[in-house]
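A short worksheet on the structure shown next.
The values are calculated or read from the model by the stated rules, or taken from the named source; none is laboratory data. Keep in mind that this is a model prediction, so the values were computed, not measured. Neighbour counts are summed over all protein chains in view; Cβ atoms, including those assigned to glycine, are modelled from backbone coordinates with ideal geometry.
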Amino acid sequence: MHFSFDFFKETGYGIDMNEIIKVERRGEKLKRKIYPFLIFFVSFGGLFLYGKLANIYVLEKDFLYQPENKASEEKVSEQNIRETELKNTNASDEPKETTENDIDFSKNKQKIADVFFVPQAPLGEWYDPRQQDGCEEASSLMAMKWIKGEGMDFSSARNEIVKIGNFQKEKYGTYVDTSAEDTAERIISDYFGFQDFRIGTNVTKNDLVREIASGNLLLIPTNGQKLKNPHYSPPGPERHMLVVFGYDEEKKEFIVNDPGTKRGKGYRYKEEVLYDAMVDYPTGDRVPLEKIEKSMIIISKK
């Protein structure tokens, strides 16, 4: 038969009641000492585990797209996508970051000055599908700010990119992966009201260099996976638009503003890398390519 302490206390059977009281008091004191430590270690362990899990998907993730798991803008995933910085062992193909001071205006270098830069997720909200698919919106915004000779803070730029996406969704049914022609007609013309642009098709490398030398800004649709940008999470965005505003003849490099990374200001791509990546994708969510065509949007400043 099992007897509890309460039984002994009530009956006084076979035990010193004072000893029971002393044991219980010591137990209460021990609990009061141990509980705070238990609470501390449980709380600390929970925070540590949360931090570890949170660091799995952080950033500014410069992985631009997750087409398999796209959420609607009304139900944005809570999962931030982490930017992965990889070391590219093939230095000849790796894009190089540059600054304004690194670029001169000698006869071998042609560059348009004062081109505003903003990444497509200015505040790092890469989980928002409107910004995750916002390379066309961000590229168009950079071009329009260049036309006006203006800049913009990142918070305002973020709101503008989202606003452009909402405009396209409401009027055209989608904001995802707009082609060169649709980017020009829907965003540059319809949204911004700007008309001084042309669409170039069957573009050659010489066409790119000639337009830049003429002082024109270029918006280029590409297969971003072929750009080999180390600031994209592998394998990179299959459909991606960026702004080309310079060319270094000596190094055979195009100078771009790449909205796919916060490090995209003044990026340099080897001319063969950029040209090989060029492809005008059709508008829509992963619509299959029917043909490979190299196109560009040419923006002229009067």
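Numbers for the structure displayed
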{"item": "Only listed residue being farther than 25 Å from GLY124 by Cα and either touching a residue at least 24 places away in the same chain (Cβ under 8 Å) or buried (at least 24 other Cβ atoms within 10 Å of the Cβ) (or both), chosen from LEU274, LEU289", "result": "LEU274"}
{"item": "Some residue of the stretch 236-246 being out of contact with any Phe, Trp or Tyr (no Cβ under 8 Å at 6 or more places or on another chain) and part of a loop (DSSP other than H, G, I, E, B)", "result": "no"}
{"item": "Of all residues in the stretch 256-302 being in a loop (DSSP other than H, G, I, E, B) and acidic (Asp, Glu), the one that is farthest from ASP153 (Cα to Cα)", "result": "GLU290"}
{"item": "Candidate set from the stretch 215-235 (those that are assigned to a loop (DSSP other than H, G, I, E, B) and touching a strand residue (DSSP E or B) at 6+ places or on another chain (Cβ under 8 Å)); member that is nearest to ILE297 (Cα to Cα)", "result": "ASN216"}
{"item": "Set VAL244, VAL256, VAL203, VAL209: member being surrounded by fewer than 19 Cβ atoms within 10 Å (Cβ to Cβ) and either under 19 Å from LYS294 (Cβ atoms) or not assigned by TED's automatic domain parsing to the domain that holds GLU125 (or both)", "result": "VAL209"}
{"item": "Boolean, TYR232 is crowded, with 16+ Cβ neighbours inside 10 Å, more than 25 Å from ALA113 (Cβ to Cβ) and modelled with pLDDT under 95", "result": "yes"}
{"item": "Top-ranked residue of the stretch 152-176 - restricted to ones that are touching a residue at least 12 places away in the same chain (Cβ under 8 Å) and either small (Gly, Ala, Ser) or touching a His at 6+ places or on another chain (Cβ under 9 Å) (or both), ranked as surrounded by the fewest Cβ atoms within 10 Å (Cβ to Cβ)", "result": "SER155"}
